[in-house]
């Protein structure tokens, strides 16, 4: 388990899947969490994906459930972990009821601490919709800086939107402790 200031990150268990599906399958969460098409996914499909992929150990990913005082509120993880170049990408999904309260920022900071201190990463990057000021602001507060903009990269709600490439480097990072 990884302990943040307000949240705890722990391995995802199969018993978590119904609640995670409820949180992440919310249409607004899904729209902001992917640059691809938002397709409906049943709980059975969600569970089958877990059984086939994330449940399998892998050196290129690390996924965590986000808990707040024992309540599951979302998921966060590192993917595309490259141990040679010491880079990875970060992703997070939190239920809409928990947006704007600093829980995501705490989870991100905790996950970045893990990436630098335990996985020996040098760079943690991410992609975020440029027109999602809540997420962009949270990432900036967590120490990420904008590296660039990919113009009209994501199809969102019937229009093309830009995505920002953001990252934090080990030398820029200020660990919490």
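The values are calculated or read from the model by the stated rules, or taken from the named source; none is laboratory data. On a predicted model such as this, the values are computed, not experimentally measured, just so you know. Using ideal geometry, Cβ is built from the backbone for each residue, glycine included, and neighbour counts are taken over all protein chains shown.
Name the residues in region 24-45 that are more than 19 Å from residue 78 (Cα to Cα) and either over 17 Å from the mean Cα position of the chain (by Cα) or surrounded by 12 or more Cβ atoms within 10 Å (Cβ to Cβ) (or both), would you?
Answer for region 24-45, where residues must be more than 19 Å from residue 78 (Cα to Cα) and either over 17 Å from the mean Cα position of the chain (by Cα) or surrounded by 12 or more Cβ atoms within 10 Å (Cβ to Cβ) (or both): 25, 26, 31, 37, 38, 39, 40, 41, 42, 43, 44, 45.
Quick check on residue 16: is it at pLDDT 90 or above and in contact with a helix residue (DSSP H, G or I) (Cβ under 6 Å, 6 or more places away or on another chain)?
Values: at pLDDT 90 or above: yes; in contact with a helix residue (DSSP H, G or I) (Cβ under 6 Å, 6 or more places away or on another chain): no.
Taking the combined requirement at face value, the residue does not satisfy it.
Within region 93-111, is even one residue surrounded by fewer than 19 Cβ atoms within 10 Å (Cβ to Cβ), on the phi > 0 side of the Ramachandran plot and in contact with a strand residue (DSSP E or B) (Cβ under 8 Å, 6 or more places away or on another chain)? Before the answer, list the steps.
Narrowing region 93-111 to residues surrounded by fewer than 19 Cβ atoms within 10 Å (Cβ to Cβ): 96-102.
Pick out the ones that are also on the phi > 0 side of the Ramachandran plot and you get 100, 102.
Then drop every residue that is not in contact with a strand residue (DSSP E or B) (Cβ under 8 Å, 6 or more places away or on another chain), which leaves none.
Within region 93-111, not a single residue is surrounded by fewer than 19 Cβ atoms within 10 Å (Cβ to Cβ), on the phi > 0 side of the Ramachandran plot and in contact with a strand residue (DSSP E or B) (Cβ under 8 Å, 6 or more places away or on another chain).
Of all residues in region 154-169, how many are in contact (Cβ under 8 Å) with a residue 60 or more places away in the chain and touching a helix residue (DSSP H, G or I) at 6+ places or on another chain (Cβ under 9 Å)?
Within region 154-169, the subset in contact (Cβ under 8 Å) with a residue 60 or more places away in the chain is 154-157, 163.
Retained after the next criterion (residues that are touching a helix residue (DSSP H, G or I) at 6+ places or on another chain (Cβ under 9 Å)): 156-157.
Within region 154-169, residues that are in contact (Cβ under 8 Å) with a residue 60 or more places away in the chain and touching a helix residue (DSSP H, G or I) at 6+ places or on another chain (Cβ under 9 Å) number 2.
Hey, among 91, 143, which residue is touching a helix residue (DSSP H, G or I) at 6+ places or on another chain (Cβ under 9 Å) and part of a loop (DSSP other than H, G, I, E, B)?
On the way: 91 fails: part of a loop (DSSP other than H, G, I, E, B).
That would be 143, the only listed residue that is touching a helix residue (DSSP H, G or I) at 6+ places or on another chain (Cβ under 9 Å) and part of a loop (DSSP other than H, G, I, E, B).
Report, by residue number, each residue of region 1-51 that is under 18 Å from residue 95 (Cβ atoms) and in a loop (DSSP other than H, G, I, E, B). Step through it out loud before you land on a result.
Step one: list which residues in region 1-51 are under 18 Å from residue 95 (Cβ atoms), which gives 4, 6-10, 12-13, 15-34, 38, 40-41, 43, 46, 50.
4, 6, 7, 12, 13, 25, 26, 34, 38, 40, 41, listed by residue number.
Condition check: farther than 27 Å from residue 165 by Cβ and modelled with pLDDT of 95 or more. Does residue 71 satisfy that?
Numbers: farther than 27 Å from residue 165 by Cβ: yes; modelled with pLDDT of 95 or more: yes.
Criteria met by residue 71.
Could you go through region 112-119 and let me know if any residue there is touching a helix residue (DSSP H, G or I) at 6+ places or on another chain (Cβ under 6 Å) and either surrounded by fewer than 14 Cβ atoms within 10 Å (Cβ to Cβ) or on the phi > 0 side of the Ramachandran plot (or both).
Here is the first cut: in region 112-119, the residues touching a helix residue (DSSP H, G or I) at 6+ places or on another chain (Cβ under 6 Å) are 116.
The next check asks that each one be either surrounded by fewer than 14 Cβ atoms within 10 Å (Cβ to Cβ) or on the phi > 0 side of the Ramachandran plot (or both); those that pass are none.
No: region 112-119 contains no residue that is touching a helix residue (DSSP H, G or I) at 6+ places or on another chain (Cβ under 6 Å) and either surrounded by fewer than 14 Cβ atoms within 10 Å (Cβ to Cβ) or on the phi > 0 side of the Ramachandran plot (or both).
Being closer than 25 Å to residue 131 by Cβ and in contact (Cβ under 8 Å) with a residue 24 or more places away in the chain is the filter here, so list the residues in region 11-33 that pass it.
Let us first name the residues in region 11-33 that are closer than 25 Å to residue 131 by Cβ, namely 23-33.
23, 24, 26, 28, 29, 31, 32, 33, listed by residue number.
In region 148-175, which residues are under 17 Å from residue 108 (Cα atoms), over 19 Å from the mean Cα position of the chain (by Cα) and in a loop (DSSP other than H, G, I, E, B)?
Correct list: 174 only.
Look through region 123-139, keep the residues that are part of a helix (DSSP H, G or I) and in contact (Cβ under 8 Å) with a residue 24 or more places away in the chain, and return whichever of them is surrounded by the fewest Cβ atoms within 10 Å (Cβ to Cβ). Spell out how you get there, then give the answer.
Quick first cut of region 123-139, residues part of a helix (DSSP H, G or I) only: 133-139.
Then drop every residue that is not in contact (Cβ under 8 Å) with a residue 24 or more places away in the chain, which leaves 134-136, 138-139.
Details: 134: 11, 135: 22, 136: 17, 138: 24, 139: 24.
If we take residues in region 123-139 being part of a helix (DSSP H, G or I) and in contact (Cβ under 8 Å) with a residue 24 or more places away in the chain, then 134 is surrounded by the fewest Cβ atoms within 10 Å (Cβ to Cβ).
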